[in-house]
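A.B. asks: Quick one: this structure, given as structure tokens, is what I'll be asking you about.
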Amino acid sequence: MDNMFKLYFKNKNEYNNIYENRYNSENTIHFHFKIENDYAFYYYHNEIMNIIYNINKLDKEVSNILNMLPSIAREEYKKRSLIDEIFFTNEIEGVVSTRKEISEVIDDIKSKAKEKNRIHSLVHKYLMLNTNDDNIMNLEDIRKTYDELVLAEIDKEDYPDGVLFRKDLVYVKGRTEKILHTGVYPEEKINSILLEGLNILNDDNIDLLVRVAIFHYIFSFVHPFYDGNGRTDRYISSLYLKKYYNSIISYRLSLTIKESINNYYEAFKMTNSKYNKGDITTFVFEFVNIVKTAFEKTINYLSQKRALLDEKKNLLDELTVVKEEKINNELKKILYILMQVDIFGEYPINRVNLSNATNLSLPTLNKLLAILEEKELIIKIKESKAFLYSINTEKFKG
């Protein structure tokens with residue numbers, strides 16, 4: 001899609017005419033704040049609407065694939081996706097966290113263990129994402145989301161020092177630490193532009209993806225906090241995406257942004273340029289493409305993993321572990337669970353979770369696990385005070 005920035009350098013003769021046509025079109029949404037010297041606007045471009053149309057079809061495909069997966073595979077993939085989202089939303093901001101650390105916090109929260117990790121609040125907020133149907137309606141909601149999401153990780157010197165947001169200047173930097181943009185200032189102006197963004201975000205007359213993309217840009221443009229803006233912005237986008245699309249996509253946004261980070265920053269940079277004449281369409285186009293890519297990669301990944309599981313399941317069906325049919329069936333049930341964990345999950349499974357997944361009591365499960373260990377069909381790993389179990393993939397090669 002040709003944007004105003006590219007048109008300026010590509011076709012200066014038509015540049016002003018195209019701008020006038022877009023800005024004055026009945027298909028344009030106008031804003032009351034300026035980017036550089038021009039009032040911001042969004043123009044409903046056909047290419048964007050075609051991408052959204054395709055995303056709606058891809059969403060149905062993702063749901064169909066997930067619904068056809070066994071429940072354990074589905075849950076393991078959701079957990080893996082959640083780990084991805086938290087890991088990459090931190091990595092984009094240069095915040096160090098490990099996948100294992102995130103996984104352990106997820107398990108601690110699910111088991112209602114005491115909070116003991118600096119990223120507990122971030123993980124908890126994302127873990128509860130799919131049960132949170134609230135909208136971000138006002139400035140207080142933004143601050144509340146920020147506090148619950150990242151405040152525990154922010155250095156005290158970077159705490160918001162205004163009424164709700166910051167009261168001093170802040171700079172938006174790219175991957176190379178080069179300044180891309182100066183955040184809006186003072187706080188009264190922050191409030192005004194964010195309120196305009198919230199009106200768009202919650203306007204049901206506008207396509208959901210368009211309003212999420214517009215707000216995503218506005219939040220980054222305003223940069224209301226000294227630190228934690230990117231993570232808060234991506235969380236709000238995920239919160240709204242899951243309202244309309246399959247919830248798994250709300251856990252794939254940060255990963256896809258990370259993979260497209262150069263294009264993402266370039267779109268932001270071009271949108272902020274004086275040559276772009278305030279046209280937010282530039283950024284919206286890139287954002288909806290990122291969402292489309294998230295869907296396409298999810299479908300490709302799940303399709304490959306489902307085919308692999310079917311292949312391994314066929315090998316398992318032909319296996320006779322012991323002669324007693326009832327015990328043999330129980331053993332194969334355990335192995336099938338471990339296959340799903342291995343193919344769709346992130347880490348091996350402990351006995352408690354394996355007991356819940358198989359509906360077998362711990363004493364019965366222990367006896368069966370001993371048989372599988374003896375046959376070298378599973379691998380037992382001691383970690384801290386617990387044992388973890390995984391399938392021995394060498395025994396199930398096609």
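A.B. asks: Looking only at region 39-88, how many residues end up being outside any helix (DSSP H, G or I) and closer than 18 Å to GLN304 by Cα?
C.D. replies: So the answer is 2.
A.B. asks: Okay, next question. Checking TYR146 against (1) in a helix (DSSP H, G or I); (2) in contact with a helix residue (DSSP H, G or I) (Cβ under 6 Å, 6 or more places away or on another chain); (3) farther than 15 Å from ASP233 by Cα, only one condition comes out false. Which one?
C.D. replies: Of everything listed in (1) in a helix (DSSP H, G or I); (2) in contact with a helix residue (DSSP H, G or I) (Cβ under 6 Å, 6 or more places away or on another chain); (3) farther than 15 Å from ASP233 by Cα, TYR146 misses just condition (3).
A.B. asks: Which members of region 152-187 meet the condition of being among the acidic types (Asp, Glu) and surrounded by 12 or more Cβ atoms within 10 Å (Cβ to Cβ)?
C.D. replies: Within region 152-187, GLU153, ASP158, ASP161, GLU187 qualify.
A.B. asks: Still on this structure, please answer the following. Among (1) crowded, with 18+ Cβ neighbours inside 10 Å; (2) over 30 Å from LYS305 (Cα atoms), which single condition is ASN16 missing?
C.D. replies: Answer for ASN16: the failing condition is (1).
A.B. asks: Run SER25 past the list (1) in a loop (DSSP other than H, G, I, E, B); (2) touching a residue at least 24 places away in the same chain (Cβ under 8 Å) and report the number of the one that doesn't hold.
C.D. replies: (2)
A.B. asks: For PHE33, are the conditions met, namely being out of contact with any Gly (no Cβ under 8 Å at 6 or more places or on another chain), in contact (Cβ under 8 Å) with a residue 60 or more places away in the chain and either more than 20 Å from TYR146 (Cβ to Cβ) or crowded, with 20+ Cβ neighbours inside 10 Å (or both)?
C.D. replies: When the stated conditions are applied, PHE33 passes them.
A.B. asks: Write out, first by first residue and then by second, each pair whose Cβ atoms fall under 6 Å of each other, whose residues are 6+ apart or on separate chains, and whose first residue, in region 282-306, is modelled with pLDDT under 95 while the second is not in a helix (DSSP H, G or I).
C.D. replies: Within 6 Å, the pairs are THR282/ASN3.
A.B. asks: While we're looking at this one, here's another question. Would you be able to tell me the number of residues in region 177-219 that are more than 23 Å from ILE257 (Cβ to Cβ) and in a helix (DSSP H, G or I)?
C.D. replies: Residues meeting the conditions: 9.
A.B. asks: Conditions: (1) more than 30 Å from THR271 (Cα to Cα); (2) assigned to a helix (DSSP H, G or I). ASN289 meets all but one. Number of the miss?
C.D. replies: (1)
A.B. asks: Of everything in region 120-136, what is surrounded by 18 or more Cβ atoms within 10 Å (Cβ to Cβ) and not in a helix (DSSP H, G or I)? Give them in sequence order.
C.D. replies: Hit for region 120-136 is ILE136, nothing else.
A.B. asks: Give just the number: which of (1) in contact with a strand residue (DSSP E or B) (Cβ under 8 Å, 6 or more places away or on another chain); (2) surrounded by 22 or more Cβ atoms within 10 Å (Cβ to Cβ) does ILE206 not satisfy?
C.D. replies: ILE206 satisfies all of (1) in contact with a strand residue (DSSP E or B) (Cβ under 8 Å, 6 or more places away or on another chain); (2) surrounded by 22 or more Cβ atoms within 10 Å (Cβ to Cβ) except (2).
A.B. asks: When you look at ARG234, is it under 16 Å from the mean Cα position of the chain (by Cα), farther than 25 Å from ASN64 by Cβ, of a type in the set (Lys, Arg) and in a helix (DSSP H, G or I), yes or no?
C.D. replies: yes
A.B. asks: Could you list all residues from region 89-105 that are assigned to a helix (DSSP H, G or I) and buried (at least 19 other Cβ atoms within 10 Å of the Cβ)?
C.D. replies: Passing the criteria: THR89, ASN90, ILE102, SER103, VAL105.
A.B. asks: Let me ask you something else. Give region 320-335 a look and list any residue that's touching a residue at least 24 places away in the same chain (Cβ under 8 Å) and not β-branched (Val, Ile, Thr), or say none.
C.D. replies: Result: GLU330, LEU331, LYS333, LEU335.
A.B. asks: So for region 311-319 (the condition being more than 28 Å from the chain's Cα centre (by Cα), of a type in the set (Lys, Arg) and assigned by TED's automatic domain parsing to the domain that holds GLU376), does at least one residue qualify?
C.D. replies: Taking every residue of region 311-319 in turn, none turns out to be more than 28 Å from the chain's Cα centre (by Cα), of a type in the set (Lys, Arg) and assigned by TED's automatic domain parsing to the domain that holds GLU376.
A.B. asks: Against the definition (within 22 Å of TYR53 (Cα to Cα), assigned by TED's automatic domain parsing to the domain that holds ASN67 and either in a loop (DSSP other than H, G, I, E, B) or not hydrophobic (A, V, I, L, M, F, W, C) (or both)), how does THR271 come out, yes or no?
C.D. replies: No, not satisfied.
A.B. asks: Of the numbered conditions (1) closer than 17 Å to ASN272 by Cα; (2) surrounded by fewer than 16 Cβ atoms within 10 Å (Cβ to Cβ), LEU195 satisfies every one except a single condition; which is it?
C.D. replies: Just one mismatch for LEU195, condition (1).
A.B. asks: Scanning region 60-80 for residues that are buried (at least 20 other Cβ atoms within 10 Å of the Cβ) and not aliphatic (A, V, I, L, M), which turns out nearest to ASN350 (Cα to Cα)?
C.D. replies: GLU76
The values are calculated or read from the model by the stated rules, or taken from the named source; none is laboratory data. Being a predicted model, the structure only gives us computed values, none of them experimental. Here Cβ is always computed from backbone atoms with ideal geometry, including for glycine, and neighbour counts include all displayed protein chains.
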